[in-house]
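A quick write-up on the structure given underneath.
The values are calculated or read from the model by the stated rules, or taken from the named source; none is laboratory data. Treat the numbers as computed from the prediction; the structure is a model and nothing was measured. Here the Cβ is made from the backbone with ideal geometry for all residues, glycine too, and neighbour counts use every protein chain on show. Please note that ligands, DNA and RNA were not included when accessible areas were found on the heavy atoms of the full protein model with its side chains. Shrake-Rupley method; radii C 1.70, N 1.55, O 1.52, S 1.80 Å.
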Amino acid sequence: MRGSTKRWMIGFDDHISNHEKVLLEFEERGAIEKNNKREGKPINILCFDGGGMRGYAYSVMLETMQTKSGKNLLDCFDLIGGTSVGGCAALVCNRAESIEAGQLLSRDVFDDIREQCFEGMKSRRNLTRLISKGSLLHEDKYILEILKKKFPNESLLNKNGIPAFVVTARKVEQKEDDEVKAEVEPFILRSYEYPTGYEDKSDTSKDIHAPLAESTSSVLLCEAMAATAAVPPLVDRVTVNCDGKQIKLCDGGVISNCPVLHAFDEANRLYPKRPIGVVLSLGFTNVLNEHISRAVDVMRMSSPNLHYQRIAPHEIMKSFKPVESDLTLIAIMESRVMDYMLSTPRVIHATDVTIERLVRSTPTPKRNTLPLKSQKVFQDMLNSKNFERRQSQRRASLITITPISEKNDDTVNDHSEENISSKSPLEQSLQSVAHAGDQNGAVTALGTTNVVSEVHCRAKSCLLC
């Protein structure tokens, strides 16, 4: 295996310690935050974790909250951030006019990646490539090549959308005691520009914090999506041109799989002096919960009314791999997440509080006017045969799911939190919902509470299980 790939895999294994370094730097600002007086309309932030094909669950989470609120939730957010597949979701939200439109476009992007990257990935040829070339996938199956076809020559910069950013990682050489070491550091790709005068370092009122990460908006949309999702050793790093320099970027999960910390930093730079209102963090694990709680504590020094909610059904997600390509298993995952959102008392209560705070805040002026290229992408998607085929496959996958009560296989386990009943309201209407969707040709809700346990690799550094 190539040495560079090995080093990046080790870096992925050390992602918690990498995040700790950035967090410690952020916590050093605690004294500054304590004396930082914020005023004006609070900033509401939406964050998406990385997690591969588990990202399909984001549609379910947002759909549930959207239905409860009765409003377009996108209008309530001032900043959206993401890592890896969550980064793709964040940039789709920057291009979407509503939650519904964002769901359709993000699902289409995930479908492209699932079909062209992950299906049939377990062949011996892939392992041979990993050893000889340093990546599991052939170059023409890289996420960048796939997204180039969907978003050709479309700039990341989009001032008309809700500001969005993605976290990526890069290596820089640091000299310590006459020894050169390669350190992993975050790098932000953003859809927005900072306020005029922000770069004037002499005016501390406009820049009271040194940035946690360098950033740029001068790349293509497809490059930003591909870079934040360039998981070693699945694909090689993505090379982008930044201020005349070529830099190589990989999946931001190497350093910040949960982007909340960087969302605080970007909010400070994009909206100087404004308090933080609601932070909604969506993800799949609880690995970084302690780190994020520490970051929230720092921000509450200057934003005491900050409301933070983390939705991460980690017990459910243990049964689903980031590279899952089976539509039936993906449908099962989505239905379990919907059941989690609708049947878990503490989640219901916290979500109600979050929605009330979001809706109560002064509505953000409608900003999401799609760029002409994005409008064409959206229309092409709706008119494509692929879209019709995928909708039919999705409905078929619902019909093939067997209710848990009919299963006698020992491989079926209940992984839900809060002891969710295996007989949920969703399960009871499974067959009628699926058949109705098949007859009407419409996108249907999901309805089952099955979880099929998978046999996972126990290797600590395995990124694919």
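Structure notes:
- Gain on full stretching of the segment that runs from Lys273 to Lys34 - 0.36 nm per residue minus C-alpha separation: 84.8 nm
- Tyr308 long-range amide H proximity, modeled H, under 5 Å: Val279
- Percentage of interatomic Cα-Cα distances in region 272-330 larger than 20 Å: 42 percent
- Rg and Dmax over the alpha-carbon atoms of region 37-83 stand at 13.1, 41 Å.
- When the solvent-accessible area of region 227-328 is split by element, carbon and sulfur atoms take up 46 percent of it, the probe being 1.4 Å.
- Separation of alpha-carbon centers, region 236-310 and region 20-70, rounded to whole Å: 7 Å
- Solvent-accessible heavy-atom area per residue, rounded to whole Å², over region 222-278 at 1.4 Å: 24 Å²
- Most to least accessible of Ile43, Ile32 (protein chains only, probe 1.4 Å): Ile32, Ile43
- Carbon/sulfur fraction of accessible area - region 13-62, other protein chains in place, 1.4 Å, %: 53 percent
- Exposure of Asp339 as accessible area (Å², to 10), given a probe of 1.4 Å and all protein chains: 0 Å²
- One decimal place: the segment Glu388-Glu100 gains 102.0 nm when fully extended, by the rule 0.36 nm per residue minus the C-alpha distance.
- Checking every one of the chymotrypsin sites (Phe, Trp or Tyr not before Pro) in region 246-337 against DSSP loop status and a limit of 12 other Cβ atoms within 10 Å picks out no site at all.
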